[in-house]
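The values are calculated or read from the model by the stated rules, or taken from the named source; none is laboratory data. Computed from a predicted model, the values in this text were never measured in an experiment. Cβ coordinates were reconstructed from backbone atoms using ideal geometry, including for glycine residues, and neighbour counts include every protein chain displayed. The accessibility values were calculated without ligands, DNA or RNA, using every heavy atom of the protein model including side chains. Shrake-Rupley method; radii C 1.70, N 1.55, O 1.52, S 1.80 Å.
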Amino acid sequence: MRAQPDAYAIAGGLTATLTLAATLTLTLAVPFASTAFASTPTPQPLPRTGACPSGYTTSGGYCAPGSSARFAVPRNGGPCPSGYSSSGDYCLAASASSRLAVPKTGPCPSGFSSSGAHCLSSR
């Protein structure tokens, strides 16, 4: 007589396989999901080129972000990009959901579009 496989052993092996697959899927998918819906980066110190933007204070040759500071980029000699407003010699993000802006120094990189003197992320 041939031994029948234990139904609990098969189910346990299947559960372990599905758990591993789900863990791998989440481990690989979550970093991409967080970048796909990423908000504007955290404010960072900026080299001071004149008046600091709102929410920043002068610290040596830099504009240092305070606790209420929003992301800012240098004005770059032109108008601020869409979703940003002029503040000092910088462009200040209107909100935490503003698209990432970088000063334009040539053609915009892949995933960015031109907005005046800046490149804006597609999201």
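Count of region 61-88 residues, restricted to those that are in contact with a Cys (Cβ under 6 Å, 6 or more places away or on another chain) and either closer than 15 Å to A101 by Cβ or outside any loop (DSSP other than H, G, I, E, B) (or both), is 6. Only one entry of T42, T35, T17, T27 meets the criterion of being open to solvent by 80 Å² or more (accessible area, probe 1.4 Å) and either assigned to a loop (DSSP other than H, G, I, E, B) or at pLDDT 95 or above (or both), and that entry is T42.
Kindly establish whether Q4 is in a loop (DSSP other than H, G, I, E, B) and modelled with pLDDT of 90 or more.
Judged against the criteria, Q4 is not a match.
Please find, within region 98-123, the residue that is most open to solvent (accessible area, probe 1.4 Å) out of those that are assigned to a strand (DSSP E or B) and among the small types (G, A, S). In this case the residue turns out to be S114.
G66 meets the conditions (1) closer than 18 Å to P45 by Cα; (2) crowded, with 19+ Cβ neighbours inside 10 Å in every case but one. The failed one is (2).
Of all positions in region 103-112, at least one carries a residue that is in contact (Cβ under 8 Å) with a residue 24 or more places away in the chain and touching a strand residue (DSSP E or B) at 6+ places or on another chain (Cβ under 7 Å).
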